[in-house]
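In what follows, a structure is listed as structure tokens, so that the remarks can point back to it.
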Amino acid sequence: MPLVAEDLGLITPEVDALRLNQGMPCMRVLQFGFSSAEAHNHLPHRFSPGTVSYTGTHDNDTTQGWWQKATEVERAAVETYVGPVALSPVWPLMRASSASVAEIALVPPKIC
């Protein structure tokens, strides 16, 4: 079974080189992509092959819980990206993740 590098946070060129040298895919978390301009590499259109996409992780709130606590700026960014989500971004974010070029799209079992 392949390993996935949890390359979140401050990643140096040396860390990227090690991950690539070992053939490990990178990790992207959609919830992070809407938090700031610096986090846009977590949005599906910025993914590259060799990516594992997550809507959230075990360290995050559920997607629905995250949405309920999201700022107006984050909510507007989500809806600009995936369209109107009514009361829940769960399915739109799952679709965005699975439609990306990521080799694997993972959805935590507790998404709502």
Ser53 being modelled with pLDDT of 90 or more and either assigned to a helix (DSSP H, G or I) or more than 11 Å from the chain's Cα centre (by Cα) (or both): no
Selection from the stretch 82-108 of residues that are assigned to a helix (DSSP H, G or I) and either closer than 20 Å to Pro25 by Cα or open to solvent by 50 Å² or more (accessible area, probe 1.4 Å) (or both): Trp91, Met94, Arg95, Ala96, Ser97, Ser98
Inter-residue pairs, beta-carbon under 7 Å, first in a helix (DSSP H, G or I) and in the stretch 60-79, second among the hydroxyl-bearing types (Ser, Thr, Tyr) and surrounded by 14 or more Cβ atoms within 10 Å (Cβ to Cβ), 6+ apart: Thr63/Thr55; Gln64/Ser88; Trp67/Ser88; Glu74/Ser35
Residue within the stretch 58-81 that is out of contact with any Cys (no Cβ under 8 Å at 6 or more places or on another chain), open to solvent by 50 Å² or more (accessible area, probe 1.4 Å) and within 19 Å of Pro25 (Cβ to Cβ) present: yes
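Listed here are the residues, each with its yes/no results for (1) modelled with pLDDT of 90 or more; (2) of a type outside the set (Asp, Glu).
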site: Met1; (1), (2): no, yes
site: Val29; (1), (2): yes, yes
site: Ala37; (1), (2): no, yes
site: His40; (1), (2): no, yes
site: Leu43; (1), (2): yes, yes
site: Glu72; (1), (2): yes, no
site: Val85; (1), (2): yes, yes
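The values are calculated or read from the model by the stated rules, or taken from the named source; none is laboratory data. Keep in mind the model is a prediction, meaning the values are calculated, not measured. Counting neighbours? That spans all protein chains shown, and the Cβs are built from the backbone with ideal geometry, glycine included. Just the protein is used for accessible areas: all its heavy atoms, side chains included, with ligands, DNA and RNA removed. Shrake-Rupley method; radii C 1.70, N 1.55, O 1.52, S 1.80 Å.
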